[in-house]
Amino acid sequence: MESIVFGIGITALAGALATVAGAAENTESDIGSQGDPNSQVQLAPQMGYIHRIFNKAVAGEPPAYGLWIALGAGIAWAFMAMQINPILAIVLGSGIAVFVQGVYATTAYLGRTASLAKFGQPVYVDILKSMTTVTMAHAFVAIFATVTLCHLINAALGHPFPLPLLGIVWGIALGAAGSATGNPFYGKERQYQNQKFGAGVPIAASGNIVRYAEAGERNSLDNGWFSAKLGGPASGVCFGLIVFLELWRTVLFEEIGAGWGAIIIGIIIILVFTVIDRYIEVWARKNYGPYTKPAEEASS
Amino acid sequence: MTVKVEKIEGGIPHTTIMIAGLIASLVFLYLTYANVIMGTEYFAFFGGLATVAALIWGSHTIKHLCSYGIGTGVPSAGMIAFGSGVIAMLFATKYGIAAPIVAVVLAAVIGLILGYLANNVLNMRIPVMIQSLVEMAIIGALVLMGYAAMMTGSFELTSLTTGNVQILGLSLPSYQASFLGGALIATAFMLGAIAIQHPFNACLGPNWTQDRMLMLAAECGFLSMITAAIMSMPLISMSAALVSLFVAIIGWYYTYAKYIELSKRDAAAWLESKPIPDVEGH
Amino acid sequence: MSAIGAKPAAGAAVDTTAMVVGIIILLLVIGATYYLFGSGLAFMALIGIIIGGVLIGFGVHFVPVGGAPAAMGQAPGIATGVAMLAAGAGLAGLFGGAWAAEMGVVVATITGAIGGGLMMAITCMFVNFIYVFGMGIPSASGKVTKDPITGDTQPEFKSQGTEGHGLPFVSYVGGVIGGLFGGAGGTLIYLVLLDLYEEELPAMMNALPAQIVPIAVALAGMFAIGMFLVNAVLAAYNITGTIEGPHDPKFKRFPRAVVASAVASAICGIVAIMIVAV
């Protein structure tokens with residue numbers, strides 16, 4: 001009984017860490033315009049819209065976070081193998097991983113911008129200095145929280161994978177969940193604030209991103225402020241639920257029915273989410289209504 | 001069937017880079033063998049230099065392949081390179097001193113088959129697909145072997161699987177505290193997979209220049225080498241790890257400064273706290 | 001994810017000669033394994049790896065991914081790269097499956113599948129949540145006029161100038177199925193390799209079985225991730241990066257990916273087996 005209570009405590013802590021990590025991850029990537037919305041930041045100068053948005057194209061979020069987390073975990077593992085206290089080891093590992101992240105961010109911005117010289121997009125050194133540090137701070141939160149949760153899973157819950165392997169697994173999952181949830185909110189709602197609300201961006205409008213802020217010219221810190229309102233927390237809850245429910249069903253129900261307990265609970269959770277998803281979809285169809293009359297169906 | 005999106009103009013031809021990268025990488029890998037001959041670990045840093053050479057070659061191969069527009073992101077090319085390379089590399093470590101050669105040959109075979117699958121079975125019809133996947137598998141295997149040699153001092157399976165744990169001043173052999181047992185290979189995998197795709201992914205665009213991208217590839221290689229040197233600390237002697245770290249930091253600083261210089265040269269303008277310039281019509 | 005916009009014109013046509021050559025390579029590898037190692041653990045491992053690889057390659061075709069246009073609400077699907085989203089789900093499944101490894105192959109593989117499906121179910125639900133409550137956009141498919149599962153009509157919910165947006169129910173179901181296949185495939189590769197390495201490594205390294213467990217786990221885990229990525233990227237090449245789900249016409253290309261995944265897994269698998277068995 002005691003071990004189950006302990007397991008649930010660790011599960012809850014891991015879920016909470018994952019929530020923080022997901023929120024920080026998405027805010028970081030939106031400040032850097034990483035992932036798919038990056039295509040618009042890249043496209044805008046080619047359409048004549050010179051901007052002051054940070055363009056940090058390291059890779060898609062899943063591979064990039066696969067590296068940052070695996071690196072933080074690998075260095076933390078190395079320091080722990082040298083008999084350094086795990087907390088200090090994780091902090092040092094995350095710190096060095098963030099240094100690598102920062103260097104990659106600067107080279108990506110310089111490289112992409114220099115390659116757009118033909119369209120007159122200048123390199124803004126102040127953008128480089130102020131945005132890189134902010135993304136590094138967010139990335140540190142994300143990396144530290146995720147490496148800590150990997151360490152908890154390995155050391156306290158007894159998962160067989162060593163720390164770097166868990167890092168690669170949860171790093172890619174973190175990037176996948178964060179980019180899937182957060183990207184549309186930044187890509188559509190923020191970059192194309194000037195387009196109609198409640199509709200996709202017409203393909204003809206591509207590249208015409210919003211470049212001016214409430215006062216002055218928009219930079220990526222304004223974008224971080226915006227995505228921290230919904231995209232970031234939603235990504236956090238998404239990744240937190242993934243980690244929490246995955247651990248919860250295993251810790252509590254794996255012993256029941258020689259493993260089948262966890263499987264049945266997993267199926268039930270999937271069905272619950274399916275019902276929620278269907279409810280959201282139908283709710284939207286009812287309340288937002290069709291854009292055109294159904295009669296035009298045949299012509300489109 | 002496919003449209004070539006960007007042309008490679010001028011600069012060093014791809015074949016030259018390929019041959020130079022392959023030879024340099026192999027030579028550096030064999031220089032780490034001096035560790036075994038002389039009974040030290042100070043030559044481990046040559047493993048890191050081997051990864052830098054292979055990554056420079058790899059970034060150009062990615063440029064070669066991805067200039068055709070392969071339909072999915074540039075990073076995926078790095079993933080397939082290392083996914084196939086890791087298998088060839090670990091198998092090759094069984095063969096002692098012949099390991100680097102075995103890795104190259106085996107990776108070439110795996111890459112050839114993957115290339116054939118992508119090009120013919122999946123009907124992608126990209127002229128350089130087969131050659132590129134062969135090169136990428138070789139690069140993946142060489143980079144991982146370089147990191148293995150750098151972190152453990154040797155590229156033989158026994159040294160990858162055995163480590164030492166210091167308990168109360170006593171040194172005990174342990175399988176858990178090793179390059180493979182601790183799964184540091186997973187970190188090496190991601191370090192290489194991102195470093196190989198980043199130079200082209202970061203420098204793509206109409207004003208792509210070859211020297212800038214290759215400089216960035218070297219920078220990524222040395223940056224990864226810094227972290228690999230830190231991870232080698234529990235596996236080889238501290239002084240040997242510090243030698244690697246020192247070499248890596250010098251190399252990284254030089255290439256990073258050079259890369260910023262080249263970006264300054266290529267950029268349209270280099271502005272500090274300036275507004276968006278006026279462009280006609282907007 | 002890349003700024004290169006041009007999509008390759010890889011057609012839907014099947015190159016019969018290449019398919020036959022692929023199948024011949026596959027049979028050669030299986031035959032060689034049988035000839036070298038007999039019908040023991042090594043042979044079963046190869047078969048497991050091939051099945052796992054095919055599950056991954058097939059599963060990727062279900063995952064609804066819209067790529068960059070999806071982030072602007074211009075195309076339906078999830079706004080990220082298909083190979084890496086599938087990897088995220090599959091590896092989350094592998095995590096659960098590896099944990100349940102001692103429960104036996106069947107239970108562990110199903111646990112892995114559920115882990116992948118769970119990850120995709122939560123992610124897909126949140127995609128729709130953001131679209132509906134964050135951006136006020138209902139789901140609409142661009143490829144079909146009626147959702148094949150619910151029968152909802154699609155075109156009138158498609159906003160002007162786009163190809164559709166969000167995840168219609170059929171895409172959601174596709175995402176979950178893709179996660180299930182990916183998680184099962186990754187876990188299966190891990191389990192068969194783990195069994196083989198735990199069996200063979202002690203003799204090869206002159207060590208006690210308990211001592212080599214970390215090596216066996218790390219090797220099997222690393223190979224499972226490597227083979228997962230190879231298969232996922234090959235499948236992503238097959239659908240040229242984006243797909244809406246099982247109702248998308250591109251889905252019909254899956255036989256090519258099944259052959260490619262089987263051959264690629266066989267080649268990678270025989271090398272991974274030879275590490276301990278030669």
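Using a cut-off of under 16 Å, list every residue of segment A:37-54 whose amide N is near the label point 7 Å from the Cα of A:N194 along the Cα-to-beta-carbon line.
A:40-53
Counting only protein chains, not ligands or nucleic acids, how are A:E217, B:E272 ordered by accessible area (probe 1.4 Å), most first?
Accessible-area ranking of A:E217, B:E272, largest first: B:E272, A:E217.
Would you be so kind as to identify all helices of chain C, as entire DSSP H runs, whose Cα atoms reach 30 Å or more along the helix's own axis and whose mean Kyte-Doolittle hydropathy is at least -0.5?
What comes out of the filter, once short or polar helices are dropped, is C:16-37, C:105-129, C:169-205, C:213-238, C:254-277.
Compute, for the protein assembly as shown, the length of the dipole vector about the Cα centre, with Cβ point charges of +1 (Lys, Arg) and -1 (Asp, Glu) only. Units Debye, rounded to 20.
Value, rounded to 20: 1320 debye.
Per residue of B:260-271, what is the mean number of Cβ atoms on other protein chains within 10 angstrom of that residue's Cβ?
6
Skip the ligands, DNA and RNA, and give the accessible area per residue of segment B:32-167 with a 1.4 Å probe, whole Å².
For segment B:32-167, the per-residue accessible area is 22 Å².
Give the C-A buried accessible area in Å², both sides summed, 1.4 Å probe, nearest 100.
7100
May I ask what percent, to the nearest 5, of DSSP beta bridges between residues of the protein assembly as shown are antiparallel?
Bridges in the protein assembly as shown that DSSP calls antiparallel: roughly 75 percent.
Let me cross-check C:T16: its accessible surface, 1.4 Å probe, with only protein heavy atoms counted, in Å² to the nearest 10?
90
Which residue fluctuates most in the GNM of chain B (Cα springs below 10 Å): B:P234, B:P100, B:P199?
Result for chain B, Cα springs under 10 Å: B:P234 fluctuates most.
When only C-alpha pairs under 8 Å and at least 6 residues apart count, what is the relative contact order of segment A:1-107, in percent?
So the answer I get is 20 percent.
What are the membrane-span-like helices in chain B by this rule: whole DSSP H runs, Cα extent along the axis at least 30 Å, mean Kyte-Doolittle hydropathy at least 0.0?
Flagged H segments are B:45-66, B:129-152, B:210-231, B:238-266.
Using only the alpha carbons of segment C:78-229, determine the length spanned along each of the three principal axes and report them from longest to shortest in whole angstroms.
69, 24, 24
B:V27 versus B:V105, label points 7 Å from Cα toward the beta carbon: distance in nm?
2.3
Which one of B:I185, B:I196, B:I139 has the biggest mean-square fluctuation once chain B is modelled by GNM with Cα springs under 10 Å?
Between B:I185, B:I196, B:I139, it is B:I185 that shows the largest mean-square fluctuation.
Can you put C:S171, C:S39 in order of accessible area, largest first, using a 1.4 Å probe?
These residues rank, largest area first, as C:S39, C:S171.
Three principal axis extents, largest first, for the C-alpha atoms of segment A:70-118, in Å?
53, 12, 11
In vacuo Debye scattering of segment B:14-266, one point per C-alpha: log10 I(q)/I(0) at q = 0.11, 0.13, 0.14, 0.17 Å⁻¹?
Summing over Cα pairs of segment B:14-266 leads to -0.55, -0.75, -0.86, -1.21.
At a threshold of 8 angstrom on Cα-Cα distance, excluding pairs fewer than six apart, so keeping six or more, what relative contact order does segment A:2-253 reach in percent?
38
Determine the relative contact order of segment B:14-266: mean sequence separation of Cα pairs under 8 Å and six or more apart, normalised by residue count, in whole percent.
RCO, segment B:14-266: 24 percent.
Using a 1.4 Å probe, what is the accessible area per residue for chain A, in Å²?
That works out to 32 Å² per residue.
Using alpha-carbon positions, what is the distance between the centroids of segment C:107-167 and segment A:245-276, in Å?
Here the answer is 23 Å between Cα centres.
Hey, what's the per residue convex hull volume over the C-alpha atoms of the protein assembly as shown, in cubic angstrom?
Taking only Cα atoms, the protein assembly as shown has a hull volume of 146 Å³ per residue.
For A:K188, B:K258, give the ranking by accessible area with the largest first, probe 1.4 Å.
B:K258, A:K188
Using only the Cα atoms of segment C:156-278, what are the Rg and Dmax in Å?
Using the Cα atoms of segment C:156-278, the pair Rg, Dmax is 19.5, 69 Å.
What is the spin-label model distance, in nm, from A:K229 to A:T292 if the labels are put 7 Å beyond Cα along the C-beta direction?
3.2
If you take each beta carbon of peptide C:73-79 and count the beta carbons of other chains within 10 angstrom, what is the mean?
6
Which one, C:A220, C:A184, C:A68, has the greatest fluctuation when you compute a Gaussian network model over chain C with C-alpha springs under 10 angstrom?
Result: C:A68 has the largest fluctuation of those listed.
How much net charge surrounds A:A228 when only other residues with a Cβ under 15 Å from its Cβ are counted (Lys, Arg +1; Asp, Glu -1)?
Overall, the nearby charge balance is -3.
Please list B:116-125, A:149-158, A:268-277 highest first by mean number of surrounding beta-carbon atoms within 10 Å per residue.
Put in order of decreasing packing, that is B:116-125, A:149-158, A:268-277.
Could you work out how far the C-alpha centroid of segment B:209-228 sits from that of segment C:45-95, in angstrom?
One Cα centre to the other: 30 Å.
Given the convex hull of the Cα atoms of chain A, what is a quarter of its surface area in nm²?
Dividing the Cα hull surface by four gives the mean projection, 19.4 nm².
Only helical DSSP H runs with n ≥ 4 go in: add -39500 (n - 2.57) per run for chain C, normalise by residue count and round the 222 nm mean residue ellipticity to 500 deg cm²/dmol.
-22000 deg cm²/dmol
Determine the shielding of peptide A:36-48 by partner chains: average, over its residues, the number of Cβ atoms on other chains within 10 angstrom of each Cβ.
The mean count of partner-chain Cβ atoms within 10 Å per residue comes to 4.
Taking only complete DSSP H runs, can you tell me which helices of chain A stretch 27 Å or more along their own long axis by Cα positions and average at least -0.5 on the Kyte-Doolittle scale?
Helices meeting the criterion: A:2-31, A:61-81, A:86-114, A:125-155, A:163-184, A:231-253, A:260-288.
Evaluate segment A:83-168: find the radius of gyration of its Cα atoms, find its Kirkwood radius, and give the ratio Rg to Rh.
Taking Rh as the inverse mean 1/r over Cα pairs, Rg/Rh reads 1.16.
What is the mean projected area of the alpha carbon convex hull for chain C, to one decimal in square nanometres?
15.8
Computed on protein heavy atoms with a 1.4 Å probe, what is the summed buried accessible area for the chain pair B and A, in Å² to the nearest 100?
4600
The values are calculated or read from the model by the stated rules, or taken from the named source; none is laboratory data. The shown structure was predicted, so the numbers you read here are calculated from the model rather than taken from an experiment. Virtual Cβ from ideal backbone geometry, glycine too; neighbours counted across all protein chains shown. What goes into the accessible areas is simple: the full protein's heavy atoms, side chains included, and nothing from ligands, DNA or RNA. Shrake-Rupley method; radii C 1.70, N 1.55, O 1.52, S 1.80 Å.
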